[in-house]
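Take a look at the structure set out below.
The values are calculated or read from the model by the stated rules, or taken from the named source; none is laboratory data. Predicted model only: the values in this text are computed from it and were never measured. Note that we place each Cβ from the backbone using ideal geometry, even for glycine, and neighbour counts take in every protein chain shown. Just so you know, the surface numbers come from the protein's heavy atoms only, side chains and all, with ligands and any DNA or RNA stripped out. Shrake-Rupley method; radii C 1.70, N 1.55, O 1.52, S 1.80 Å.
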Amino acid sequence: FFSFKVLLLLSKPIASQSFDISKESITHTHSKNQFIMSSPTKESMGDLDVSNLYTNETELGNVLYALTQPNNADLKRASMMVKKFLEKPEAIMPLIQQIEKSQHAEVRQVAAVYLREQTEEFYKKIPADVKPKLKSFLIAKLISLSNRAERLAMGAAIASVAKFAFIDESEGWNELLLALDRICKPEQNVELREVGYIIWRNLVSFCGGSLKQHFGKILSILQVGLKDDASIKIQIESVKSIGIMVEYLENKEEVAIIEGFIPAMVGVIDKCLKRGDEDNVIAGMEVFNELVESKVPVIQKHVEQLTKFNLKIASAKDELPMTVRKQATNFATWLCKSKPKTVIQHGFIQPFLTLCINLIIESNDDMEQQQAQAAAHVHGPQCSHGHKDAAANGGDNGDDEDDEKDEKTQFTSPLGIACDLLDEIFLNIPTEQCFPIAIKAVEKLLSETQSNRRKSGYVLIAMMAEGCKEVIVKGDNLRNLLTACLKGVEDECASVRKCALEAVSQIATHCSFDILQYHGLILPALFGVFERANEQVRVKERALSAIEMFIDAFDPSEPADAEQHGDFQIVTYLQDIMNVIGKCLETNKQELQKQAIATLASCAGAAQSNFNIYLPKVVQLLDSLLQITDEAKLDLRAEATSCLGAVAGAVGFDSFKAMLPKFHKSVMDGLGEFDNCDIREASFMYFSELADIMGAQILKLDSFEEMLNFIFFVMEDDDGLMVELPDDGFKDAIPKNLLKAEDELAEMEAAELEQLQSGQMSDEQLQAMLNDAVTNGGDDDEDDEQQNGDDDEDEDEEDDDDAYLAGAVGQLRTVRLQVTTGFMEEKAAAVHALTSFIKNAGFDFLEHMEECWERLTYLWEYPHSLVKISVASCFNAFFSLIVNHA
């Protein structure tokens, strides 16, 4: 466990680069080329003396020049020198000197890049009498430069200074506003104008509230920019800036002004479309998507024009790339989510559904194209408009591969885009408005002769199951939909069968209370899938999933309601289900085996004590699966770990007690040996079940502290959380060679980490690495101690800065947090396991409450609802235990 944590810690410098909001993509990992100094093979940060870089212009110039000339020889040492040099605010003046005096354009550019970084870090520590000189220097330098890359780097530095200057009412920077007004005049150099408009966008983004009094002048400049035909960059920057300014509008008059710009903004995007400028089309359309989400009604008068414009783009099959069409579809998606009344008022439900149906049909057309290309390698009939099944290789043919490919590219696949929009339609538009239209479309599609149209009908049913569940369970709607789906399960086309099975799964999930009464209709039909010769693996997998969802709809802890459940008894079907699971486990198809194990877990949970007769064989199966060490098959081991918990919960502690030592060791060994989020998530699910059946006895396990440490570790770990920084327009400010050097260093560090993980690193090398880490950590501690006094003095001022930023800086509104699904589910499972410990371990668990409180309060800020819900539940158990103890 210790070595696993060390490996994660050693990998942090690479992974953490994406978290640095203020520094964009700039890091301290650079290379050098021709240092005129010795290059010892081993040197820690604490051993480096960089004091001469603050006073010796030539030496600093050599270092900065070396950073643009990738060379492996001294790459690490170069990056360490730069990092240490930039730790102090005293680095600002030497960087300015390099910008002013260096004869090398790349050195001036790198110095400007690092000046921006230093400004973000130490602006408050720049003396008040120096700030005006710095501002004047930056403006003058921006205007005098002729190199585009240098201009961008200088513009980035200006934007950073401006951010701090404008939020301080006593400081400001009126000279910059006047300079930008001059820079953006049509007679100025076009590249200089482009940088000027990029700076304007950054100003309104960072400091919109502070610049409110200047909005009239800024809007007049941006209006000119929208019409600047000499540069599409200027036009797009103007569109983006206007979109940002909307958030600061306060009255109808201001809204009316922006409304007048909408047609011109659409014209800019249309111009980019005709030029085939994909990136700028997406950037411009993203502005309108944000305007839809905004509470400021700036698009109200133009919503019909904008919707038709986006629908035209979204429907342009074979004419536009899917990335552009997805952005256009997102407009409809956000409109349903944020303004459902507008969708109803303008009658957009029907055209939105039509778009979705066409996208689903298109996804099937793409599949058929791929199958046609592979026809020479496929023996047997194809699934196409002729309704013939692809039955090559025992049913495991190209259609399965297409499914896997579609799942991997779902974000921009026609089917994935359609499902996103359908989800928002059915979740946000009132059921009485959308269900009649959707069900009419379903009836028509399911009666079609073309398989891709029937497939679309079943996708619609699957997507409406959640949002329309209240009306689905009324009258004969549920029976009619299930009958239609089961007819689809026997369709001649495999893709239709898969979608019909998915629809059954979704109905079982969202209409769980009502679906059990149809057990005699559903389960025999699902069992029949496994009786068909040469059935596709993916179809069988979906059928198994549908069985699992149906079983999960049954809660054995609830009082039996024979009339409501239609006399459903799990034992009636248990043997048939176990036979199906056994057949699937005997195949060599890993995904099918994985789904079979998941279904087995559901069976155990539903059958409870009735599952005991299957226990010996199931135990034997799980024992073999928990010995898997092949990385390619770890998902089977993970599924078996989760299933082990379900089996233990089903049979109870008395029946499981004898097996506990052996199986528990296998679970803990898997956690320690494999850095795998599926293994960890499944282990936490097992922990939860174990706590439920053991109660307070779980504290007596020798490994309990280790179990708790794993949970805490995952709760604290930020892996999987990625910060998507907004494009501030200055990405080209960083020299390409500097980025290449960073990549080289990252490769070197990754190679070292791989060497460490594979055990190829000698004891001496490992000890040297750990000593270096300790040395660096110690240096940081010493620096912290030396700076504590200054930090205490500045604390109140920093709090004031935070208040200013909260009120005036808009940058955080544009920062997006993306959570990798696997890590999010793993973290939620960890919190759920902790909740089970708190609930079941009793008062003796109170000794761990301080540790729990620390982790829970930290995780409360995690940006995903699933994790937040888990944390809220854990807090409830936490407080309940404390109150009960008191």
Open item on the list: Which of the numbered conditions does SER205 fail, given that it passes all the others? Conditions: (1) part of a helix (DSSP H, G or I); (2) exposed (fewer than 15 other Cβ atoms within 10 Å of the Cβ); (3) of a type in the set (Gly, Ala, Ser).
Closed with: (2)
Open item on the list: Tell me the residue from GLN305, GLN327 that is within 23 Å of SER238 (Cβ to Cβ), crowded, with 19+ Cβ neighbours inside 10 Å and not hydrophobic (A, V, I, L, M, F, W, C), please.
Closed with: GLN327
- [ ] Those residues that are in contact with a helix residue (DSSP H, G or I) (Cβ under 9 Å, 6 or more places away or on another chain) and either farther than 13 Å from GLU639 by Cβ or open to solvent by 10 Å² or more (accessible area, probe 1.4 Å) (or both), I need them from the stretch 587-603; list them, please.
- [x] THR587, LYS589, GLN590, GLU591, GLN593, LYS594, GLN595, ALA598, ALA601, SER602, CYS603
Open item on the list: Within the stretch 815-834, take every residue that is at pLDDT below 85 and part of a helix (DSSP H, G or I) and give me the one that is surrounded by the fewest Cβ atoms within 10 Å (Cβ to Cβ).
Closed with: THR821
Open item on the list: Cβ-Cβ distance below 9 Å, separation of 6 or more or different chains: which pairs start in the stretch 513-536 with a residue that is closer than 21 Å to PHE554 by Cβ and open to solvent by 60 Å² or more (accessible area, probe 1.4 Å) and end on one that is among the polar types (S, T, N, Q) and modelled with pLDDT of 95 or more?
Closed with: LEU521/THR483
Open item on the list: Can you tell me which of (1) more than 29 Å from the chain's Cα centre (by Cα); (2) open to solvent by 30 Å² or more (accessible area, probe 1.4 Å) is the one VAL266 doesn't meet?
Closed with: (2)
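Helices (runs of 4 or more DSSP H) wholly in the stretch 610-676 with at least 3 residues that are crowded, with 18+ Cβ neighbours inside 10 Å, among the small types (Gly, Ala, Ser) and within 38 Å of the chain's Cα centre (by Cα) - which ones?
Answer list for the stretch 610-676: 634-651.
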Task: Matching residues in the stretch 62-82 - criterion: being outside any helix (DSSP H, G or I) and either open to solvent by less than 10 Å² (accessible area, probe 1.4 Å) or at pLDDT 85 or above (or both) - done: LEU67, THR68
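Which members of the stretch 306-323 meet the condition of being part of a helix (DSSP H, G or I), over 17 Å from LEU415 (Cβ atoms) and not charged (D, E, K, R)?
At the first step, the residues of the stretch 306-323 found to be part of a helix (DSSP H, G or I) are 306-314, 322-323.
So of that shortlist, the ones also over 17 Å from LEU415 (Cβ atoms) come out as 306-313.
LEU306, THR307, PHE309, ASN310, LEU311, ILE313, listed by residue number.
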Open item on the list: Within the stretch 104-123, does at least one residue satisfy the condition of being farther than 23 Å from ASP732 by Cβ, at pLDDT 90 or above, open to solvent by 50 Å² or more (accessible area, probe 1.4 Å) and in contact with a helix residue (DSSP H, G or I) (Cβ under 6 Å, 6 or more places away or on another chain)?
Closed with: no
Open item on the list: Can you report the number of residues in the stretch 506-536 which are more than 30 Å from the chain's Cα centre (by Cα) and assigned to a helix (DSSP H, G or I)?
Closed with: 17
Task: the stretch 462-477, residues that are farther than 22 Å from LEU415 by Cβ and touching a helix residue (DSSP H, G or I) at 6+ places or on another chain (Cβ under 9 Å) - done: LYS469, GLU470, VAL471, ILE472, VAL473, ASN477
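Out of everything in the stretch 208-228 that is among the polar types (S, T, N, Q) and surrounded by fewer than 21 Cβ atoms within 10 Å (Cβ to Cβ), what residue ends up being farthest from ARG151 (Cα to Cα)?
Going through the qualifying residues, I end up with GLN213.
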TODO: Restricting attention to the stretch 495-542, report how many residues are touching a Gly at 6+ places or on another chain (Cβ under 9 Å), of a type in the set (Gly, Ala, Ser) and within 23 Å of LEU446 (Cα to Cα).
DONE: 2
